[in-house]
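**Q** Supplied in structure tokens, the structure appears directly below.
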Amino acid sequence: MHYIEDESGSVDTAYADSIISRILSYLGEDGDFSLHFISDDEMRDLNREYRGIDDPTDILTFAINDGEAFPSVEGEEKELGDIFISIDSMNRNADSLMVDRDEELRRLLVHGILHLRGLDHATNDFASEPMLIEQERIMKELGFLKIQY
């Protein structure tokens, strides 16, 4: 079960939930986490509080057991954590990458779930960061890219 919050009403939460289910199924995982769509101002506050960076970012992920991939207790739903996505940053990313907003939403969901699995990256270099290379591989495998290479 996924809790999805979008007070702005600008994201199709049923669509986001279906994408989350596809990603988790592809990865052979399940679990419960919350997804929050927020503004750049709200993201700036979170980024300042938790990372000491006074700027918004596109996504922040808070794993329940940071660094441990999908921990679980037998017989209980896995608690994974929280993902926060800035709608403003997501839209800017889509424009910058020249992709539609749904593709960028899919990319950020893959990205957040990989963070929940314990993966991380030091830079945003899609050519050299193993996590970002994995992210784009998953995007391609699941048919989440508009243009397939």
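The values are calculated or read from the model by the stated rules, or taken from the named source; none is laboratory data. Nothing here was measured: the structure is a model prediction, and the numbers come from that model. With ideal geometry, Cβ positions are generated from the backbone for all residues, glycine too; neighbour counts draw on all protein chains shown. What goes into the accessible areas is simple: the full protein's heavy atoms, side chains included, and nothing from ligands, DNA or RNA. Shrake-Rupley method; radii C 1.70, N 1.55, O 1.52, S 1.80 Å.
**Q** Efficiency by 1/(1 + (r/R0)^6): what FRET value for Ser8 and Ser128, r their Cβ-Cβ distance, R0 = 25 Å, to the nearest 0.05?
**A** With a Förster radius of 25 Å, E is 0.10.
**Q** At 1.4 Å probe radius, can you tell me the per residue accessible area of the chain in Å²?
**A** Ligands and nucleic acids excluded, the figure is 55 Å² per residue.
**Q** Let me ask you something else. Might you report the magnitude of the Cβ-based charge dipole of the chain about its Cα centre, with Lys and Arg at +1 and Asp and Glu at -1, to the nearest 20 debye?
**A** Using Cβ point charges on Lys, Arg, Asp and Glu, the chain gives about 620 debye.
**Q** I would also like to ask the following. In nm, to one decimal, how far is the Arg137 label point from the Arg92 one, both placed 7 Å along Cα→Cβ?
**A** Each label point lies 7 Å from its Cα, and together they span 3.1 nm.
**Q** Just to check I understand the Karplus step: with θ = phi - 60° and J = 6.51 cos²θ - 1.76 cosθ + 1.60, what whole-Hz values come out for region 27-36, glycine and proline as x?
**A** Residue by residue, region 27-36 yields 7, x, 10, 9, x, 10, 8, 9, 10, 10 Hz.
**Q** Still on this structure, I have one more. Considering only DSSP beta bridges with both partners in the chain, what is the antiparallel share in %, to the nearest 5?
**A** Among the beta bridges of the chain, antiparallel pairing accounts for roughly 30 percent.
**Q** Based on the alpha-carbon gyration tensor of region 1-70 and its eigenvalue square roots a ≥ b ≥ c, which shape applies: rounded if a/c is under 1.5, prolate if not and a/b is larger than b/c, or oblate?
**A** Verdict is oblate for region 1-70.
**Q** Counting only protein heavy atoms and using a 1.4 Å probe, what share of the accessible area of the chain belongs to carbon plus sulfur, as a whole percent?
**A** For the chain, the apolar C and S fraction of the accessible surface comes to 47 percent.
**Q** Would you please state the base-10 log of I(q)/I(0) at q = 0.18, 0.20 1/Å for the chain, with intensities from the Debye formula using one equal scatterer on every alpha carbon?
**A** -1.15, -1.45
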